[in-house]
Structure formats: C-alpha cells, structure tokens
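Worksheet: the structure to be examined is printed underneath.
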Amino acid sequence: MSTLSKPVSMESGAQRSISEPRLESVDLLRGIIIVIMSLDHLREYLTYLAFPPENLSLTWPGLFFTRWITHFCAPLFFFLAGTGAFLARKRGLDGPRLSRFLWTRGLWLMVLEITVIDFAWAFRPFAFAGVIWALGLSMVVMAAVVRLPVRWVAAFGIAMVFLHSLLDPIQPEAFGRFDWLWKFAHAPGFIPIIPQRGILLVLYVLVPWVGVMAAGFAFGALLQLPAEKRRRVMAAIGLAAVALFVALRATNIYGNPTNTPFPGAGPFVPQNSPAMSLVAFLNVEKYPPSLQFLLMTLGPGILALAAFDGIQSSRNAIARVLIVFGRVPLFYYVIHIYAAHLIALFVALAFHQPTKRLLDGSYFVSPPEPGYGHHLPFIYLIWILLNIALYFPCRWYAEYKRTHRQWWLSYL
C-alpha cells in the first residue's frame with residue numbers, strides 16, 4: 001500500500017498529533033475568509049447590477065466595500081495553503097511524501113475545478129480556471145519547491161511577489177501561437193479549446209500565486225518561534241506590508257498595472273469626495289494580483305494571525321463556528337457554490353423573476369435580465385442564512401475527518 005493510503009494531508013493525519021495540536025489561529029483565519037468569500041459569490045448570483053463594483057464611475061462605497069472585503073480571500077487561501085504544507089512537514093510528513101502529496105492533490109484540484117466546480121458555477125458545461133485550479137497548479141509547482149531549504153523557498157516566494165509586476169507590460173500576443181502559455185502564467189484571458197465551440201476562461205494565473213504560496217510556506221517557520229516572539233514578528237511583517245502598500249499607492253511609483261482590461265488597473269486618482277477617494281485608493285488590480293493588491297490583503301491577514309495567536313476557542317462561540325469552517329475549506333467551497341446557485345434559482349422563482357440566465361451560464365455569460373435581482377440588504381440576509389445552514393454539514397464532516405483515517409480524506 002502506498003504512503004497515500006494513510007491520511008497525510010495538511011488538514012488531517014499528521015496534524016492529529018497529540019504533541020503538536022493544530023494552530024487554531026490558522027483555522028480561524030481560514031474560516032473567516034471562506035465565510036466572507038461566500039458573500040461575494042452570493043452577490044454575483046443575486047444582484048440586479050450589470051457592472052463590477054470596482055467601476056469607479058458607477059459604484060458607491062457600500063457596494064465597493066462589499067466586494068473589497070472579499071479581496072482578502074484568495075491571497076490568504078494561497079498563503080495559508082503554503083503555511084499548511086510547512087506545518088505538515090514539521091509534523092512528520094517528510095520531503096518526498098510531502099512532494100508527492102502536493103502534486104497529486106494539485107492535479108486532483110485542477111480536475112475538480114473543471115468538472116464538479118465549473119458545472120456548479122454555470123449549470124452547464126463550462127471551462128473556468130478559477131481559484132481552485134490555480135491552487136492546484138501552484139501545488140504542483142510547490143511539489144518541487146518544497147524540496148529546497150526554507151530560506152530558498154522564502155527567497156523564491158518573496159522575489160515573485162515583489163518583482164512580478166515587472167512582467168505586466170508583456171502581452172500574450174508577444175508569444176504568437178503560444179500565447180496560451182502566457183495566459184496560464186501571468187495574463188488572464190480566454191483560451192480557445194475547440195475551434196468555435198469552446199473556450200477556457202483563465203482568471204487565476206500561476207504568477208504570482210505560486211509565489212504567495214511559497215511565501216506562506218516559509219512563513220510557517222515563524223510559527224515555530226516562541227509565542228510572544230512570533231506575535232511580534234508577525235505584527236511587524238503585517239504593519240510593514242500595510243505601510244508599503246500605502247506608500248506605493250500614494251506615490252503610484254510601482255506595483256499596479258495600467259494595461260489590463262480589469263477595473264482595478266491604473267494609478268490612484270483622487271475623486272470628488274473623501275469616501276470615493278478612499279474607494280479609489282483601495283481599488284487595485286486582482287487579475288493578476290498586483291504587488292499593491294497583495295500588500296493590501298496579506299498585510300492585514302498576517303496582522304490578524306498575530307491577533308488570533310493563542311486564541312482559546314472553548315471560550316468563544318463565534319470562533320468555534322468559524323474554526324469548523326476553517327478545518328474543511330474545500331468541502332465548504334464545493335457545497336457553497338451549489339447552494340448559492342440553487343438559492344438564487346429558488347429566490348428568482350419565489351419573486352417571479354426570470355431564471356433563464358441562472359440555468360444557462362449564470363453571471364459568467366450574461367448580465368442580469370430585466371426584472372431580475374436584489375439589493376444589498378437582502379443579499380446580506382441570504383448570506384447569513386446560507387452560512388447558518390452550511391455550518392451543520394461542515395461540522396459533521398469536520399468531526400468525520402477527525403475520527404476517521406481513510407486516505408481520500410486528505411484530498412477533500
């Protein structure tokens with residue numbers, strides 16, 4: 001029987017060690033970001049608006065910040081995935097076994113994205129290279145990277161995060177018929193699969209996301225420091241990242257592209273009101289994530305880890321609920337997409353609104369139909385109800401993982 005017949009994942013197996021319990025701060029932060037993530041997806045399914053919240057000519061602060069708060073999700077997913085890989089190695093998963101787990105789970109995530117998850121988004125055959133695809137592809141690369149000394153992994157990750165913006169001027173057209181390689185690597189876009197019949201939408205690219213994961217892996221070494229020292233170090237790193245973001249954004253020197261079709265591109269330009277100027281200041285590019293985007297999101301995320309360090313969930317009911325979500329992130333991710341899409345369909349039927357778009361591609365394909373959609377307060381209400389409902393299957397599955405040792409639990 002192979003070594004993968006035993007649960008060796010970053011979320012099970014070795015992490016059950018009595019001598020080295022799970023870090024609840026990591027699970028808590030992961031739980032917070034996946035709950036926030038579901039708000040963005042519900043908004044996309046339920047909104048009546050036909051423009052992105054980052055469009056400064058049309059948006060308003062309430063709408064923008066509903067979208068902006070969810071920007072923290074993807075960077076911290078990748079970062080904490082790297083941290084989880086480091087902690088798994090420290091708990092006994094040696095180099096060759098960790099590498100094997102990373103590339104096999106990475107391939108599994110890529111397949112899961114283009115099958116089960118993509119169908120959930122659109123309710124029709126659909127090819128979308130989203131966050132789970134990019135997590136998987138990054139894990140495949142990390143399978144080789146984690147064999148290096150930690151300081152080299154740190155250098156690889158930090159260099160990619162800080163220098164990848166130098167690649168922004170390079171467009172896919174520069175590679176001729178191999179332009180699809182650059183779209184996978186750094187420039188999001190559409191890739192033809194079958195002539196005139198099918199395309200792959202690539203939003204999450206390899207660079208710099210694999211660098212974020214590598215930086216998270218190296219960050220795991222800091223979690224081995226004594227508690228007080230690691231909190232000081234994490235606070236210093238988080239504050240430094242936030243300060244650098246403010247400096248770069250205020251001066252427009254470096255770190256946010258100007259040549260992408262997405263609305264977060266371009267320099268900071270003050271607006272007609274303080275509130276909208278703040279919106280413009282925080283409106284940085286996610287596809288691909290610019291250096292400014294990563295500093296803006298990872299900095300506060302690391303500060304949150306410092307604040308959560310040493311938390312005792314037994315004394316905090318909200319933390320206990322969020323930790324449950326944080327211990328089964330992939331399970332939550334898959335079921336919440338199906339749930340959000342079905343909820344949107346049932347709500348449309350209940351309000352006698354059109355459903356054709358929801359059954360044929362959803363918001364990936366077309367804007368809302370006339371007469372469809374809801375305002376933000378209603379969307380927030382549905383979001384709260386959704387997460388109350390999802391808590392129960394997630395709690396069941398978290399307990400199942402804790403008490404069972406089947407090898408496949410390492411992959412879901």
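By its C-alpha gyration tensor, with a ≥ b ≥ c as the square roots of the eigenvalues, how is the range 286-345 shaped: rounded for a/c under 1.5, else prolate for a/b larger than b/c, else oblate? The shape class here is oblate. The residue among Gly301, Trp180, Ser99 whose Cα reaches farthest toward the positive pole of the charge dipole of the range 3-411, with charges on the beta-carbon of Lys, Arg, Asp and Glu, is Ser99. Normalised size of the range 93-142, defined as Cα radius of gyration per 2.2 N^0.38 Å with N residues, equals 1.27. Once semi-axes √(5λ) of the Cα gyration tensor in Å is worked out from the coordinates, which option in [x] 31, 26, 23; [y] 34, 23, 21; [z] 52, 29, 17 does it equal? Correct label is [x]. Can you list which of the DSSP-assigned H helices in the chain have a Cα extent of 15 Å or more along the long axis and an average Kyte-Doolittle score of at least 0.0? Sorted by number, the helices that extend far enough and score high enough are 24-46, 73-90, 95-112, 131-145, 150-163, 206-219, 227-251, 291-308, 317-327, 329-350, 376-403. Which shape class applies to the range 277-412: rounded if a/c is under 1.5, otherwise prolate when a/b exceeds b/c and oblate if not, where a ≥ b ≥ c are the square roots of the Cα gyration tensor eigenvalues? Because a/c hits 1.5 or more and a/b fails to exceed b/c, the range 277-412 counts as oblate. Of all DSSP beta bridges confined to the chain, the antiparallel ones make up roughly 60%. Pick out which of Ser99, Ser313, Ser290 has the largest mean-square fluctuation in a Gaussian network model of the chain, springs linking Cα atoms closer than 10 Å. Evaluated over the chain, the most mobile residue of the options is Ser313. With unit charges on the beta carbon (Lys/Arg positive, Asp/Glu negative), name the residue among Ile237, Leu412, Leu201 whose Cα is farthest towards the positive pole of the charge dipole of the chain. Of the listed residues, the answer is Leu412. Largest first, the extents of the alpha carbon coordinates of the range 191-314 on the three principal axes equal 57, 44, 31 Å.
Dipole magnitude for the range 3-411: computed about the Cα centre from +1 point charges on Lys and Arg Cβ and -1 point charges on Asp and Glu Cβ, it is near 1320 debye.
Across the chain, the longest run free of exposed loop sites, meaning chymotrypsin sites (Phe, Trp or Tyr not before Pro) lying outside DSSP classes H, G, I, E and B with no more than 15 other Cβ atoms within 10 Å, spans 49-253. All alpha carbon pair distances within the range 126-214 were sorted into 10 Å bins beginning at 0; the resulting P(r) in whole percents reads 17, 42, 31, 9, 1. For the range 83-231, just say rounded, prolate or oblate: build the C-alpha gyration tensor, square-root its eigenvalues into a ≥ b ≥ c, call rounded for a/c under 1.5, and beyond that prolate if a/b exceeds b/c, oblate if not. Taking the square roots of the gyration eigenvalues as a ≥ b ≥ c, the range 83-231 is prolate. Taking other C-beta atoms within 10 angstrom as a stand-in for reagent exposure, Asp168, Asp94, Asp179, Asp118 fall in the order Asp94, Asp179, Asp168, Asp118, fewest first.
Readers should treat all values here as calculations from the given coordinates under stated rules, not as data from a laboratory. Quantities reported herein were computed from a predicted structural model and do not represent experimental measurements. Virtual Cβ from ideal backbone geometry, glycine too; neighbours counted across all protein chains shown.
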